1. Can ILE197 be described as in contact with a helix residue (DSSP H, G or I) (Cβ under 8 Å, 6 or more places away or on another chain) and either crowded, with 19+ Cβ neighbours inside 10 Å or part of a strand (DSSP E or B) (or both)?
2. From the set of residues in the range 201-223 that are open to solvent by less than 40 Å² (accessible area, probe 1.4 Å) and not in a loop (DSSP other than H, G, I, E, B), which is nearest to ARG34 (Cα to Cα)?
3. Would you pick out the residues in the range 83-116 that are open to solvent by 40 Å² or more (accessible area, probe 1.4 Å) and more than 16 Å from ALA58 (Cβ to Cβ)?
4. Of the residues that make up the range 154-169, is at least one within 16 Å of the ligand (Cβ to nearest atom) and surrounded by 20 or more Cβ atoms within 10 Å (Cβ to Cβ)?
5. Which strands (runs of 3 or more DSSP E) sit wholly inside the range 50-150 and have at least 1 residues that are over 22 Å from SER229 (Cβ atoms), in contact (Cβ under 8 Å) with a residue 24 or more places away in the chain and more than 10 Å from the ligand (Cβ to nearest atom)?
6. Mind checking whether some residue in the range 43-57 is open to solvent by less than 20 Å² (accessible area, probe 1.4 Å), acidic (Asp, Glu) and either within 19 Å of ARG198 (Cα to Cα) or at pLDDT 95 or above (or both)?
7. Have a look at VAL49, VAL71 and point out the one that is of a type in the set (A, V, I, L, M) and farther than 23 Å from GLN212 by Cβ.
Amino acid sequence: MKLVFWKKSGGAAGQVDFNRLPRHIAIILDGNGRWAKRRGLPRTAGHKVGAETFRTIATYCRDIGLEYLTVYAFSTENWKRPKDEVETIMVLLKRYLLEAIETMERDNVRLRFMGDLLALNDELKALVAECNAISDRLTGCQCNICINYGGRAELVHAAQSFAEDCIAGSVKPGDLTEDIFEKYLYSAGIPSPDLLIRPGGELRLSNFLLWQCAYAEFYLTDVLWPDFSKEELHKAIAAYQSRNRRYGAVT
Ligand code: FPP
């Protein structure tokens, strides 16, 4: 007998019921480097196409009425990459934010950011602040971009903030509940992802939304992020819709 420890999602595209969409989809943008390498291109070329794919998928998520999309764009560990690769990703983020500032009001798309943003350069910090200010006036689809984000760092940051409030006397350690702890996370006020999509073939969470993905349904595919398409998104949503979410209970 062959034991299957983890079955990757795949197969034929199912039918998506657009009246039963997940509220929140999270995506690990993975496979840019390999996509470029397979074409004899520098890794940075993969990130450029990956940024285009992100535009297409984010716009489509808005069009179908998704409430929340969260993407892992740059992790706390990604600083270890070659300097030119890190610089390219920062330039792509800058370009995206500049464009967003021009279009988000028209498109009614809110942009939020999760991660330790203090490490970003001043230009990016200012753009993030501008996007946040515009988003405060909007009500539409919320796109969360995780930059300099790590799930463990987020939990440590939340624990520190809670401890500071305890010292200040506004809360007591014994008052802490899951609901209260969530208010200290970068994702405060955002419902947990229903569906986590990981393109790129890896079978791990890579320090992404460790708390928030406790009950997320996973969709893992070998398709590399630059090749990810609306059809692939449909497959992921159809797979999600075929699952029986029990949250530890029995049906
Ligand atoms: C992972 O692929 C991808 C990244 C670390 C960077 C993702 C960044 C972008 C797509 C550009 C900017 C983003 C936005 C939201 C505008 P990888 O390089 O680890 O791929 P590999 O596993 O094939 O090496």
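The values are calculated or read from the model by the stated rules, or taken from the named source; none is laboratory data. All values reported here derive from a predicted model rather than from experimental measurement. Cβ atoms come from the backbone with ideal geometry, glycine included; neighbour counts cover every protein chain shown. For the accessible areas, the whole protein counts, side chains as well, though only heavy atoms, and no ligand, DNA or RNA atoms are used. Shrake-Rupley method; radii C 1.70, N 1.55, O 1.52, S 1.80 Å.
1. Yes: the conditions hold for ILE197.
2. Residue satisfying both the conditions and the ranking: LEU220.
3. Correct list: LYS83, ASP84, GLU87, VAL91, LYS94, ASP116.
4. No - not one qualifying residue is present in the range 154-169.
5. Strands (runs of 3 or more DSSP E) meeting the threshold: 110-114, 142-149.
6. Checked against the condition, which is being open to solvent by less than 20 Å² (accessible area, probe 1.4 Å), acidic (Asp, Glu) and either within 19 Å of ARG198 (Cα to Cα) or at pLDDT 95 or above (or both), the range 43-57 yields no hits at all.
7. Going through VAL49, VAL71 in turn, the sole match is VAL49.
Residues are listed down the side, and each one gets a yes or a no for (1) under 16 Å from ASN148 (Cα atoms); (2) at pLDDT below 95; (3) in contact with a His (Cβ under 8 Å, 6 or more places away or on another chain):
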{"site": "THR88", "(1), (2), (3)": "yes, no, yes"}
{"site": "ARG95", "(1), (2), (3)": "no, no, no"}
{"site": "GLU99", "(1), (2), (3)": "no, no, no"}
{"site": "GLU102", "(1), (2), (3)": "no, no, no"}
{"site": "ARG106", "(1), (2), (3)": "no, yes, no"}
{"site": "VAL109", "(1), (2), (3)": "no, yes, no"}
{"site": "PHE113", "(1), (2), (3)": "yes, no, no"}
{"site": "ASN121", "(1), (2), (3)": "yes, no, no"}
{"site": "LYS125", "(1), (2), (3)": "yes, no, no"}
